[in-house]
Every structure is written in C-alpha cells, then in structure tokens.
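The values are calculated or read from the model by the stated rules, or taken from the named source; none is laboratory data. Please read all numbers here as calculations on a predicted model, not as lab measurements. Here the Cβ is made from the backbone with ideal geometry for all residues, glycine too, and neighbour counts use every protein chain on show. Ligands, DNA and RNA are stripped out before the accessible areas are found, and what is left, the full protein with its side chains, is counted by its heavy atoms. Shrake-Rupley method; radii C 1.70, N 1.55, O 1.52, S 1.80 Å.
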Amino acid sequence: MFNPGDTIQKYSIIKELGNGRFGTVYHVHDAALGAEKAIKILDVADPAQMKEILEAQILHKCRHENCVHINEADLYEIGGTIKLVIDMEYHPAGSLENRLIAGSIGPAEIIRHITHILYGLEHAHNQDVLHRDIKPANILLSNPSTKLSDFGLATEGVGPGTIGSAKGYRTHCAPEIFNDDITSKLTDIYAVGVTLFRLINQMADWDAVMSTLNNPQQALSKGSLIQEIGFNNFVPSKFARIVRKACKPTPDERYQNCEEFRQALERLTINLNWVRISSNHWRAEMADACHELRLLSVRKHKVEYTVNRRKRRANCKSFDSIEDAQIYMDETIAKSVFS
Amino acid sequence: MKAIGFNFAKGQLRYTVLEGTKGSPLFQNKGKLDISPDTPTTDLMNWIHSNVDTIIKRVKPDAIAARMHWKITRQDQAKNFLFPMGILNLYCYNENLPINVFGTQAMTAKKLGLPKGAKPLNECDSLIGSHPPNWDNAQRYSALAAWMILPE
Ligand SMILES: Nc1ncnc2c1ncn2[C@@H]1O[C@H](COP(=O)(O)OP(=O)(O)O)[C@@H](O)[C@H]1O
Ligand SMILES: [Mg+2]
C-alpha cells in the first residue's frame, strides 16, 4: 500500500484508483516524462516464474484503440520484495462502473461504449487472446474511445474451446464456466452481454440486484440469470433481444463473434435518446428538440410529455394509480428509443 | 497474392477477398457490414476506419482495391461514397499497403482478361462463383475491384 506523496523511483503517488485481487492501481506523476500515468503494482509471487508479467505482455500484444494503452512494464524492489509495475495511460474519467454509479447512461452512449469494447475484444480474439473478466469496472472511459482494460485474467493461444481455470467476476460468467470449466471467445461474448444488460437496465448497484435472487448460483449455472432478473419496462425490446442472444445458455446460440454482436448494435437507429434524470423524469435532447417525460403526482398521477417545454397533449395521460402511470411512462420510453 | 476489394454504399461496406490470377480468380472470403444510415459523418468516418482496420488486420491482404463512384451530385452521396476513399487511402498510407481505385467504367472486360464484349458483372459468377447471402451487384463490384488487381 502506498500513500499520496510516496515515491517509487520516478513515480510519485497522487492517489489510489482501485484495488482488486492481484494488485493496486494508482494515479501517479512520472517525473522523467513530466506526465500523469496510471500504474498497476503487482506482487510477484515467484520471481523465478514471473507469471504476473503475462498481463503486461498480453496488453502489449493487444495494442488497439479500444484496449488500454501500456507504456512499459518493469520490476522494482520495494521493501525487500519484487514488484511488477505496469505503466499505462491515465484515464481521468475512470471506469464504466463509476460512470454507472454517477448517473444514468442514455442509449447512444451505451451503444458507443459496448461497440468500442467489442472492437477491442475482437482485436484481442484475433490475436488468440481471451480476456475472461469483462465487466463495467474493467472498462475505462475516455473521449472519444472507450477502452477494455485489466487483462489480469487474460490468456493466450486459444483454440476453439480452451479450458480455463481462472474464473472472472462470477456473475458475468457463462454457465459452461461453472459446469464444464470452459472459457472461450463465447464466454467473453456472454460477459459483454451481462455488461450490456446492466447498462440498459440502469443497474448501478449490481450486488443489490443479485441479492434479490433466491439461488444466484443456480441461476448462473443454468444460464437463467438474465431471465430471472428480467428487464425494466423502459428497456426497448430491440436492446433486450440483443442481450438475450449474447447471453443464451447454449454457446452455439449466442453471437458467434464480436463482429456479429456489434453489428446488431451498429444497425440500430436512435429515434429519441432518452436519458433518465430520475425515476420520474426522462429527457431526450435531440438536435432539433428537447423531449421530456415527467410523472407528476398531485391529485392524480399524471404523465406529462413536453417537446421544447410545450405539452404534447396526445402523449399526456392521467392515471388513478402511480403504478399504471409509471408503466405508461416507461413503455412510452421503451417504444420511442429506436426507429 | 491475396487481394481485397471494397465497395461502399449508404450505411454499408462490402468486401471480397480473392487469390489466384486474372485468368483464374479464386474466391476466399467476403463480408457485408452495416451501420445505421443516420450515423453522423464523424462517427461514420470512425466506423469505416475501425472496420477497414479490423478486416485488413484479419485478412492480411497483399493489395487493396476499391470501387469508386464518380457521379456524385448530392452531399450525402459524397459522405457515403467519396469520403470512405479518403479514409481508405490514408489507412493504406499508414500501413504501407498498395491501393488502387477503379470507377465502374474502368473495370472492363479487357482489363479483367475476359473475351471482348463480355460484361464483367455477368461473368463474375461463372469465374468467381456465387456466394450467397447478399451476393448482389454491390457485392460483385467489390469482387470485381479485387479481381482488377490480381496478377496476370
Ligand atoms: N489506466 C487507468 N486510468 C484510470 N483508472 C484506472 C486505470 N486502470 C485502472 N483504473 C481504475 O482502477 C480500477 C482497478 O484496475 P484494474 O486494472 O481493473 O485492476 P484489478 O486487477 O485490481 O481489478 C479500475 O476499476 C479503474 O477504476
Ligand atoms: Mg479489475
């Protein structure tokens, strides 16, 4: 553990960005280049084997606009132990996980992030690399491109169905990982599907969602996770269909490669880019007009639709129960996102 | 030699990969990729770049060809037909790959080594074969472009 102000050779720690099972990532200042970087510091378990260096080598091999950029990797002796330092470009906007917690993400932005990740993953797959740990916390935001990161569980030299022992984030694992201990390109596709599922449902607190399941492990090994959690009413059916296909329990029924998956997203045409402001207020700011939907509960429960702040009467409606009003509002959104 | 031919249209990209020679072209591979026709120009340029990059890195062709549309009369045609040529040329410059661009009229029977008077589009299937789905004229033009750069 390092604290702000500590130095490791040319790096001085600005702050900790995150820490996982294997290491800690810090925002640092690199005195040699006079630049800000992100470094991941990993303990080297066995200096004779240096298994940890694989993450750096795979990152280097997977150089792509949509994979986090590695500058270099080096070994440092710190406090008598050998540490591996992976030096990466720093992305101040942080991870997609943080973005999801900070506020809802509209459909155009969701499509951008997921297609970018699929380009990055397609590139990795073309190099015979499996990522094996795709989830919002391992996706970094940057403009204009979104980057796949954390290749800590990645593996190289894959055939059609490589057996993998390392398991990624459990809730993003396809059923065959639990049942047959198989990781493959199709288990990566499944994990992107779960990521997309969380985004379109605006599920910021994923642990809370998982805790509503009676038997989460059974849902995971049966491949019925998505079905059991279900889609919120505001999710357009075209989005839901894409997630269901990416997360089919049977690998053969999923998108068979990243290109097929991203093409399904790239073919969508956005009609209204609805962004959730709060559970009873949505806004779609389009080039020519600003559409808004509000659920107002004064005497009755009223859903008010405005375009440039003027009421559009045909879409305004009153209800006796708040549930009915909520359903009407959510369905209005679901139906108008895509053309 | 492995040759790839591209043909761009509104909201889509076609490519066909051929090997062999002008006299006996061998079909290898083809693809059709789509994007929402409403995509803004800047995003469309990035889409073309990303897909050209992905395809070329995967196919690893020795040479690139593209079909060019000369009759551009509207702004959206420029964006859909002409701008992709700029992206493709810059890509080939950066990757140090040879590129040739052909107008439809330039892909003649003579240049393809076909008998005099033959219509290239009609002869395409007999030499290259038919490869459904989406084996239409837009796809055949990408094949003809690749065929144009095969060795004699
Ligand atoms: N290059 C970077 N720029 C900015 N933040 C980063 C960067 N790399 C990692 N992070 C942050 O640190 C967290 C952990 O990094 P990660 O590489 O996923 O390591 P771990 O193996 O510990 O999960 C990420 O979720 C992200 O929030
Ligand atoms: Mg991580």
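Here are the numbers for this structure:
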read-out	value
Segment B:27-40 residues that are facing chain A (nearest Cβ under 8 Å), paired with ones that are part of a loop (DSSP other than H, G, I, E, B) and of a type in the set (K, R) (beta carbon under 6 Å, 6 or more apart)	B:D34/A:R267; B:P37/B:K10
Segment B:71-110 - residue that is assigned to a helix (DSSP H, G or I) and in contact with a strand residue (DSSP E or B) (Cβ under 7 Å, 6 or more places away or on another chain) and, of those, farthest from B:D53 (Cα to Cα)	B:T104
Residues satisfying the stated conditions in segment B:48-70, i.e. at the interface with chain A (Cβ under 9 Å from one of its Cβ atoms) and not in a helix (DSSP H, G or I)	none
Wholly within segment A:209-317, helices (runs of 4 or more DSSP H) carrying at least 3 residues that are within 30 Å of A:H123 (Cβ to Cβ)	A:237-246, A:258-266
Selection from segment A:232-282 of residues that are of a type in the set (D, E) and away from chain B (no Cβ under 14 Å)	A:D252, A:E253
Residues satisfying the stated conditions in segment A:206-224, i.e. over 13 Å from the mean Cα position of the chain (by Cα), within 16 Å of A:P136 (Cα to Cα) and either not assigned by TED's automatic domain parsing to the domain that holds A:T155 or not aliphatic (A, V, I, L, M) (or both)	A:D207
Condition check for A:A264: open to solvent by less than 80 Å² (accessible area, probe 1.4 Å), closer than 30 Å to B:K32 by Cβ and in contact (Cβ under 8 Å) with a residue 40 or more places away in the chain	no
Pairs, first assigned by TED's automatic domain parsing to the domain that holds A:A289 in segment A:312-337, second open to solvent by 20 Å² or more (accessible area, probe 1.4 Å) and among the acidic types (D, E), C-beta under 6 Å, six or more apart	A:C316/A:E304
Members of segment B:130-152 found to be at pLDDT below 95 and open to solvent by less than 30 Å² (accessible area, probe 1.4 Å), listed by number	none
Residues satisfying the stated conditions in segment A:92-106, i.e. open to solvent by less than 10 Å² (accessible area, probe 1.4 Å) and away from ligand 2 (no atom under 16 Å from the Cβ)	A:I105, A:G106
Flag for A:I110 being in contact (Cβ under 8 Å) with a residue 24 or more places away in the chain, away from ligand 2 (no atom under 16 Å from the Cβ) and assigned by TED's automatic domain parsing to the domain that holds A:L199	yes
Scope segment A:133-159; condition of a type outside the set (G, A, S) and within 13 Å of the chain's Cα centre (by Cα); matching residues	A:D133, A:I134, A:K135, A:P136, A:N138, A:I139, A:L140, A:L141, A:T146, A:K147, A:L148, A:D150
Residues (hydroxyl-bearing (S, T, Y) and either within 14 Å of another protein chain (Cβ to nearest Cβ) or within 30 Å of A:N280 (Cβ to Cβ) (or both)) located in segment A:77-134	A:S95, A:S104, A:T115, A:Y119
Pairs, first touching a residue at least 40 places away in the same chain (Cβ under 8 Å) in segment A:197-215, second small (G, A, S), C-beta under 6 Å, six or more apart	A:Q202/A:S104
All positions within segment A:294-339 that are within 14 Å of another protein chain (Cβ to nearest Cβ) and open to solvent by 80 Å² or more (accessible area, probe 1.4 Å)	A:S339
Which numbered condition B:M45 misses (of (1) open to solvent by less than 10 Å² (accessible area, probe 1.4 Å); (2) within 14 Å of chain A (Cβ to nearest Cβ))	(1)
Top-ranked residue of segment B:78-88 - restricted to ones that are touching a residue at least 12 places away in the same chain (Cβ under 8 Å) and open to solvent by 30 Å² or more (accessible area, probe 1.4 Å), ranked as farthest from the other protein chains (Cβ to nearest Cβ)	B:L82
Complete set of residues in segment B:1-28 that are aliphatic (A, V, I, L, M) and open to solvent by less than 10 Å² (accessible area, probe 1.4 Å)	B:A3, B:I4, B:L13, B:V17, B:L18
